[in-house]
Each structure stands twice: as structure tokens, then as C-alpha cells.
């Protein structure tokens, strides 16, 4: 799955010449945590809640509300925005996006074309939705976990043949690595006992059936 398949394309953006007051209103009214800064269709920066907070008067300040609002109305986005933005290509794998977010400890990645045009944005929420889809969580059927400690060449083929012979479709199949010794799969058959007996009759060790 690619980033372009899961990114949000209708992105609310801000301009470099807008004020922090405007950005605060936009964030609060729409529950946004970050906003891409765009000029002439090109990504030029990013503003997050953290950036705004660190550039706003502290609640301990001796300034009056009027003075604080005045400062916020005079501070421009271009003065506080993150200029070196971590971005990603629409053709990158969803796994790459997840890994980049984890390594960089960030919650979103603007998706840009080669000419820096903003195409969309992908967030941790989008990644989690993709994760749920990978497992087929909302689909009907049976989720099976198999112990494959004696993993050997051809085991996946043999497993697929068991389901083929029983006319049961495997809709999802996952395994993180050989070291986990487990296969996680989901099939279309809703009779869980039937699936469990089928697999056990062919020598597979069933850990759980849900």
C-alpha cells in the first residue's frame, strides 16, 4: 500500500503572511494539531500546536490580555514556522511513512510532488486506519493465529492449499518475521469451529481462533 492511497488530500493550509492569531483560531475551531504553510501551491513550512505555544506569551506573563492579543496579531506565520519540513513522496510505501514518523518522532508528513507542490498529508491517524485494514478488523470471517515454530519451505503454500481445497478464501495474511513463530490470517468462513478443525486435521497448531 502506498502513501497516496491513504493520505488526506483535502488539506487546510495557511499562508506565510497570516498571523498567529488567525492560526490559533483555525486550530481551535477545527481541532487541528498542525497546518502546512503553502505559498503559490508549494510547501514552504509547517506550523504545529507546539510551535505556536512556544512562540506565544506564557500564562505567567505580566502582559495584559490586550497586549498578548496585540503580540499574536503582529507575529506572522513565516516568523515561527518550521522551515525544514520532513516530507514524503506519494509513491512511498505506507511502511516508510510509519517508520519515518517513528524515527523522527513526528505526527504527520506532508506529501509533496517532485516540484514541492503539496499533494496531501498523512498522519498517525491515517497509519492506524491502514493498520486496522491490514488485519481486516471490520470484516466478517475468522481470525486465526497459527504456531509455526517448525516453519519450513512450502508451509505457506501448504496452508493455502488447505483453504483452497475447502473452498475458503484467505482475505488477510500477516507475519512480522520468522522469529515470531506465528502466522496471523483471516478467512471468509464464519464458522470458527469448522476452520479450527480443518487446520488441526492437517497438522497445523492453532493458537487462537476469533
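Coordinate-derived values only; no laboratory data. No experiment lies behind these values; they were computed from the predicted model shown.
Round to a whole angstrom and tell me the spacing of the C-alpha centers of the stretch 9-61 and the stretch 98-130. Between the Cα centres of the stretch 9-61 and the stretch 98-130 lies a distance of 17 Å. For the chain, the relative contact order works out to 19 percent when only alpha carbon pairs closer than 8 Å and six or more residues apart are counted. Does the chain come out rounded, prolate or oblate by the C-alpha gyration tensor, with a ≥ b ≥ c the root eigenvalues, rounded set by a/c under 1.5 and, if not, prolate when a/b is larger than b/c and oblate if not? Prolate, because a/c is 1.5 or more and a/b exceeds b/c. Rounded to the nearest 10 degrees, the inclination of helix 20-30 to the longest alpha-carbon principal axis of the chain is 40 degrees. Compute the Cα gyration tensor for the stretch 123-210, then decide on rounded, prolate or oblate, letting a ≥ b ≥ c be the square roots of its eigenvalues: rounded whenever a/c is under 1.5, prolate when a/b is larger than b/c in the other cases, and oblate in all that remain. Judged from the Cα gyration tensor, the stretch 123-210 comes out oblate (a/c at least 1.5, b/c at or above a/b). Helix 155-165 and the longest principal axis of the Cα set of the chain meet at an angle near 70°. Relative to the first principal axis of the alpha-carbon coordinates of the chain, what is the inclination of helix 192-201, with its axis defined by its Cα atoms, in degrees from 0 to 90 and to the nearest 10? Helix 192-201 sits at roughly 50 degrees to that axis.
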